[in-house]
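Here the structure is laid out as structure tokens; the discussion comes afterwards.
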Amino acid sequence: YTEVYFWGMPGLGKTCAISGILGHADKQGVLNTQKGTGFHYMNQLKNVFLGDVGILPPANPTEVTQYLPFNLQDKNNRSHPIALIELSGEVFQCFYYKVGQLPLPGESHEKAFETLNTYLSGPNRKIHFFVIDLAKSPTATDVFGLTQANYLEAAKEYFSKENIFNNTTDAIYIIATKSD
């Protein structure tokens with residue numbers, strides 16, 4: 001599988017982006033969902049925008065990393081195995097705590113961080129999409145008194161220290177959201 005990661009803080013629209021991708025691929029007839037992990041959730045997501053009114057999916061719990069495997073058919077009818085990896089936005093808190101040499105705030109963060117590192121250390125090729133809210137004030141703080149920039153800087157430092165993008169990464173993209 002080629003793994004496609006969706007990174008971003010909580011509430012930036014990662015799940016909606018994945019819903020749009022899956023729904024569009026399904027409408028085009030090129031999506032073949034795989035059974036097993038993520039099957040039910042993937043079917044729910046691909047149906048989010050089917051009707052006249054879309055209902056936004058709920059946020060993922062901190063400890064949940066969604067692994068959504070499918071085969072994508074190209075115009076020559078060749079099959080390409082892809083797995084979308086939907087990370088909870090709270091993994092950015094994990095980066096902040098790890099870089100600051102602080103204990104993670106709870107068991108759910110520990111589970112999310114462990115799962116993430118298991119996926120990242122795997123041999124599959126990877127594509128990363130970073131979702132960033134360009135409209136958010138650089139000085140706006142969350143309930144912990146931290147800014148989006150604090151979390152992104154910690155993530156950058158963690159990625160660099162751990163060589164996350166060196167061996168299996170094929171592409172890194174940035175998606176600007178909520179900037180309309």
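The values are calculated or read from the model by the stated rules, or taken from the named source; none is laboratory data. In this text, all values refer to a predicted model and were calculated from it rather than measured experimentally. Every residue, glycine among them, receives a Cβ derived from its backbone with ideal geometry; neighbour counts consider all protein chains shown. Note: accessible area is taken over every heavy atom of the protein model, side chains too, but ligands, DNA and RNA are not part of it. Shrake-Rupley method; radii C 1.70, N 1.55, O 1.52, S 1.80 Å.
Worth pointing out:
- Around the amide H of R125, modelled in the peptide plane, lie the amide H atoms of E3, all under 5 Å away and 5 or more residues distant in sequence or on another chain.
- Net charge contributed by nearby residues that have their C-beta within less than 11 Å of P10 (K/R +1, D/E -1): -2
- Summary value for the chain: 28 percent relative contact order, contacts being C-alpha pairs under 8 angstrom separated by 6+ residues.
- Of M42, M9, the residue with the largest accessible area leads and the full order is M9, M42 (1.4 Å probe).
- Phi angles of the range 34-42 translate, via the Karplus equation with coefficients 6.51, -1.76, 1.60 and θ = phi - 60°, into HN-Hα couplings of 9, 7, x, 3, x, 4, 5, 4, 5 Hz per residue; Gly and Pro are given as x.
- Shown here for the range 118-169: chymotrypsin sites (Phe, Trp or Tyr not before Pro) in loop regions (DSSP other than H, G, I, E, B) with at most 15 other Cβ atoms within 10 Å, namely F144, F165.
- Estimated from helical segments only, the mean residue ellipticity of the chain at 222 nm is -10500 deg cm²/dmol, where each DSSP H run of four or more residues counts as -39500 (n - 2.57).
- Solvent-accessible surface (1.4 Å probe) assigned to K156 amounts to roughly 120 Å².
- Shape call, the chain: gyration tensor on alpha carbons, a/c limit 1.5: prolate
- Cross-link reach list, lysines versus K98, counting only Cα pairs under 16 Å and skipping chain neighbours closer than eight places: K111, K156, K161
- Rough spin-label spacing in nm, given labels placed 7 Å along Cα→Cβ, for I175 and V53: 2.5
- Carbon plus sulfur fraction of accessible area for the range 28-143, probe 1.4 Å, in percent: 54
- Net charge contributed by nearby residues that have their C-beta within less than 12 Å of N71 (K/R +1, D/E -1): +1
- For the range 56-119, the Kirkwood estimate of hydrodynamic radius, built from reciprocal distances between every pair of different alpha carbons, is 13.5 Å.
- Shape of the range 2-62, Cα gyration tensor, a/c cut at 1.5: oblate
- With DNA, RNA and ligands ignored, accessible area of V143 (1.4 Å probe; Å², nearest 10): 140
- The range 1-69: relative contact order as a whole-number percent, Cα under 8 Å and 6+ apart: 35
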